[in-house]
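Report on the structure given below.
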Amino acid sequence: EAGVVQSPRYKIIEKKQPVAFWCNPISGHNTLYWYRQNLGQGPELLIRYENEEAVDDSQLPKDRFSAERLKGVDSTLKIQPAELGDSAVYLCASSLEDRREKLFFGSGTQLSVL
Amino acid sequence: AQKVTQAQTEISVVEKEDVTLDCVYETRDTTYYLFWYKQPPSGELVFLIRRNSFDEQNEISGRYSWNFQKSTSSFNFTITASQVVDSAVYFCALRGFQKLVFGTGTRLLVSP
């Protein structure tokens, strides 16, 4: 069975440019998460979806970040415009719909903003 | 508020040594879940174990063992007879009624 798939693996952009990350969760997983991991830190939640609904986006900087999960499957995270401080690894994860459930993570997208 | 503290930033051991990674948590929730994840150089976090707050029984899985002590709010992870392949960053995480919160991780370096 395929795991969580993310693309691209790496992205280098100049500040003020837009960027988008894509995630395909494990089939059957209703819950999808986007995390940001800064160098030397643990992942921090940006947004959590239950099916198509964003149930926790309190940590998402809404002035420049947006996310969508059309049809409750794939998801896209966008930054526009990117800032130098956005350089980080963006991780997507999915799980069954229950807080007991373990998360399955993708390999992440490493973003460098120059 | 929920918080996970992993005070050890980096640990270096020689192969075959035993090593313990510490995790201390804070939560006001009466029901919660604790996790350990491994992040190898490839970047993908891999689930290792889950423990709920009502189950303080320690667990052993091969060379891995976990010691959950509610009295001290700790959930420590021990690797016995470490191997080079154990080199990674290990994260402890906590989930109560809100979001899953990760610690800052402990980087384990196992040298031959």
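The values are calculated or read from the model by the stated rules, or taken from the named source; none is laboratory data. Computed from a predicted model, the values in this text were never measured in an experiment. Methodologically, a virtual Cβ is constructed for each residue, glycine included, from the backbone with ideal geometry; neighbour enumeration extends over all protein chains shown.
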field: Top-ranked residue in segment B:96-107 [being crowded, with 21+ Cβ neighbours inside 10 Å and assigned to a strand (DSSP E or B); ranked as farthest from the other protein chains (Cβ to nearest Cβ)]
entry: B:106
- prompt: Conditions: (1) in contact with a Leu (Cβ under 8 Å, 6 or more places away or on another chain); (2) at pLDDT below 95. Residue A:65 meets all but one. Number of the miss?
  reply: (2)
statement: Here the qualifying pairs (Cβ atoms under 7 Å; residues six or more apart or on different chains; first in segment B:75-88 and acidic (Asp, Glu); second crowded, with 19+ Cβ neighbours inside 10 Å) come out as B:86/B:79; B:86/B:108; B:86/B:110
field: Selection within segment B:1-23 - within 17 Å of residue A:41 (Cβ to Cβ), out of contact with any Asp or Glu (no Cβ under 6 Å at 6 or more places or on another chain) and assigned to a strand (DSSP E or B)
entry: B:4, B:5, B:10, B:21
query: If a residue has to be surrounded by 18 or more Cβ atoms within 10 Å (Cβ to Cβ), touching a Lys or Arg at 6+ places or on another chain (Cβ under 7 Å) and of a type outside the set (Ser, Thr, Tyr) to count, how many in segment A:20-42 make the cut?
result: 1
statement: The correct count of residues that are touching a Ser or Thr at 6+ places or on another chain (Cβ under 7 Å) and not small (Gly, Ala, Ser) in segment A:35-62 is 4
- line: Filtering segment A:31-69 down to residues that are free of Cβ contacts under 8 Å to residues at least 60 places away in the same chain and of a type in the set (Val, Ile, Thr) yields A:47, A:55
- line: Quick count over segment A:70-97, residues being of a type outside the set (D, E, K, R), in contact (Cβ under 8 Å) with a residue 60 or more places away in the chain, in contact with a Lys or Arg (Cβ under 7 Å, 6 or more places away or on another chain) and more than 12 Å from residue A:48 (Cα to Cα), is 6
- prompt: Within segment A:56-98, can you find the residues that are out of contact with any Asp or Glu (no Cβ under 8 Å at 6 or more places or on another chain), within 14 Å of chain B (Cβ to nearest Cβ) and closer than 16 Å to residue A:35 by Cβ?
  reply: A:56, A:57, A:58, A:60, A:88, A:89, A:90, A:91, A:92, A:93, A:94
- request: Hand me the list of strands (runs of 3 or more DSSP E) wholly inside segment A:30-108 holding 3 or more residues that are over 16 Å from residue A:5 (Cα atoms).
  value: A:44-50, A:53-56, A:65-68
message: Looking at (1) in contact with a Gly (Cβ under 7 Å, 6 or more places away or on another chain); (2) assigned to a strand (DSSP E or B), which one does residue B:37 not meet, given that it meets all the others?
response: (1)
message: Looking only at segment B:54-112, filter to residues that are under 15 Å from residue B:13 (Cα atoms) and charged (D, E, K, R); which one of those is farthest from the chain's Cα centre (by Cα)?
response: B:86
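Can you tell me which residue within segment B:1-47, out of those that are of a type in the set (A, V, I, L, M, F, W, C), at the interface with chain A (Cβ under 9 Å from one of its Cβ atoms) and touching a residue at least 24 places away in the same chain (Cβ under 8 Å), is surrounded by the most Cβ atoms within 10 Å (Cβ to Cβ)? Before the answer, list the steps.
At the first step, the residues of segment B:1-47 found to be of a type in the set (A, V, I, L, M, F, W, C) are B:1, B:4, B:7, B:11, B:13-14, B:19, B:21, B:23-24, B:34-36, B:45-47.
Add one more test, that the residue is at the interface with chain A (Cβ under 9 Å from one of its Cβ atoms), and what stays is B:4, B:35, B:45-47.
Still in the running and touching a residue at least 24 places away in the same chain (Cβ under 8 Å): B:4, B:35, B:45.
On the way: B:4: 24, B:35: 23, B:45: 29.
Top of the filtered list is B:45.
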